[in-house]
There are 2 protein chains.
Amino acid sequence: MRRHHGKNRLPSLLLTSGIRPTRQRLALAALLFDGVKKHMTAEQVHALARRNRAHISLATVYNNLHQFTAAGLLREVPVGHNRSVFDTNTEAHCHTFDEVTGLLHDIPSDAVHLSRVPKPPMGRKVARVDIVIRLAAV
Amino acid sequence: MRRHHGKNRLPSLLLTSGIRPTRQRLALAALLFDGVKKHMTAEQVHALARRNRAHISLATVYNNLHQFTAAGLLREVPVGHNRSVFDTNTEAHCHTFDEVTGLLHDIPSDAVHLSRVPKPPMGRKVARVDIVIRLAAV
DNA sequence: GTGTTTGCAAAGTGTTTGCAATTTA
DNA sequence: TAAATTGCAAACACTTTGCAAACAC
């Protein structure tokens, strides 16, 4: 499943995004950008980093997740239960949110078709369209 | 703009939804269900209630907004900035979220067209589809 | 070296909860 | 009167911030 095994893949990825590749950021990048797309909260990233023997404070995790998001390496998913979920898949796609399990899943972007999106008002552009299909127990 | 001026409109509205019409709930209902659709945070509802000389604690505002939501009188909009926004319009419709002003606006449900929504897995049904069009500065 | 980043702890938000006092039916 | 609801304050969960020490270039 992994792609791009190059030795300096992660440093370049960060540099290209204008982010200085510190030890902590490389550790975070290693666990986020391993080729497998994921949805993770800051808390989960922090726990995973510690499990990997990378000592990164939670504050630094938050700071860097936001920095990665600003740089377009991550995307924040608006699930609505008042906690930030970061998605390593930054391409246009939708989500299902299972209210029973609390899990988020990707839906290929062509699984739904959205048409007739209204024109934004003067001085604004459509940054993106968030579509979340909420699933409940039958 | 107001509709249904009947004297016991709000008590009936709550009773019909299986909610006991207490003084506080009636005050909240009066300010929420006046015929003008709104998007409000708990904090905003609380402030407005106090401005109207209704003494309702913030905790009670939260409790009742959730109760109203569970009863289908309100809907929670997943804007994603880690705070709950309640919408008095419970019909199928979408939103634009202006990242510059922080304001939420309704879009008539027929302004966008969503097709090919995938079938939910066994034991689940589509509760609803949340669509938020995020607008940024040009 | 110089400016950036980190870690920690502390403060800040927004939200929920426990429980005695009150209110509703 | 019995059961539900309220208010308050305290607890809670998540996130951000201030600043000295550590690090990258």
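The values are calculated or read from the model by the stated rules, or taken from the named source; none is laboratory data. Predicted model, so just to flag it, every value in this text is computed and none were measured. Cβ placement follows ideal geometry from the backbone for every residue including glycine, while neighbour counts extend to all protein chains displayed.
On the stretch given as segment B:8-23, residues that are of a type in the set (K, R) and within 13 Å of DNA strand D (Cβ to nearest atom) total 2.
Suppose we keep only residues that are surrounded by 17 or more Cβ atoms within 10 Å (Cβ to Cβ) and part of a loop (DSSP other than H, G, I, E, B) within segment B:86-100. Which one would you say is nearest to DNA strand C (Cβ to nearest atom)?
B:T88
Scanning segment B:106-130 for residues that are under 22 Å from the mean Cα position of the chain (by Cα), within 7 Å of chain A (Cβ to nearest Cβ) and more than 12 Å from A:I133 (Cα to Cα) yields B:I107, B:A111, B:V112.
Contact map, segment A:33-49: residues that are more than 11 Å from A:R83 (Cβ to Cβ) and in a loop (DSSP other than H, G, I, E, B) paired with residues that are at pLDDT below 95 and charged (D, E, K, R), Cβ distance under 8 Å, separation 6+ or inter-chain. Pairs shown: A:D34/A:R2; A:G35/A:R2; A:G35/A:R3; A:V36/A:R2; A:K37/A:D106. Being surrounded by 18 or more Cβ atoms within 10 Å (Cβ to Cβ) and either more than 25 Å from B:R128 (Cβ to Cβ) or within 13 Å of the chain's Cα centre (by Cα) (or both) is a property that does not hold for B:R23.
With A:R83, A:R134 as the choices, which residue is among the charged types (D, E, K, R), at the interface with chain B (Cβ under 8 Å from one of its Cβ atoms) and not in a strand (DSSP E or B)?
From the options A:R83, A:R134, the qualifying one is A:R83.
Is at least one residue of segment B:51-71 surrounded by fewer than 12 Cβ atoms within 10 Å (Cβ to Cβ), basic (K, R) and within 14 Å of chain A (Cβ to nearest Cβ)? No - not one qualifying residue is present in segment B:51-71. Mind listing whichever residues of segment B:13-32 are in contact (Cβ under 8 Å) with a residue 24 or more places away in the chain and of a type in the set (S, T, Y)? Across segment B:13-32, the qualifying residue is only B:S17. Taken over segment A:17-32, the residue count meeting the criterion of being in contact with a Ser or Thr (Cβ under 6 Å, 6 or more places away or on another chain) and either hydrophobic (A, V, I, L, M, F, W, C) or not in a helix (DSSP H, G or I) (or both) is 1.
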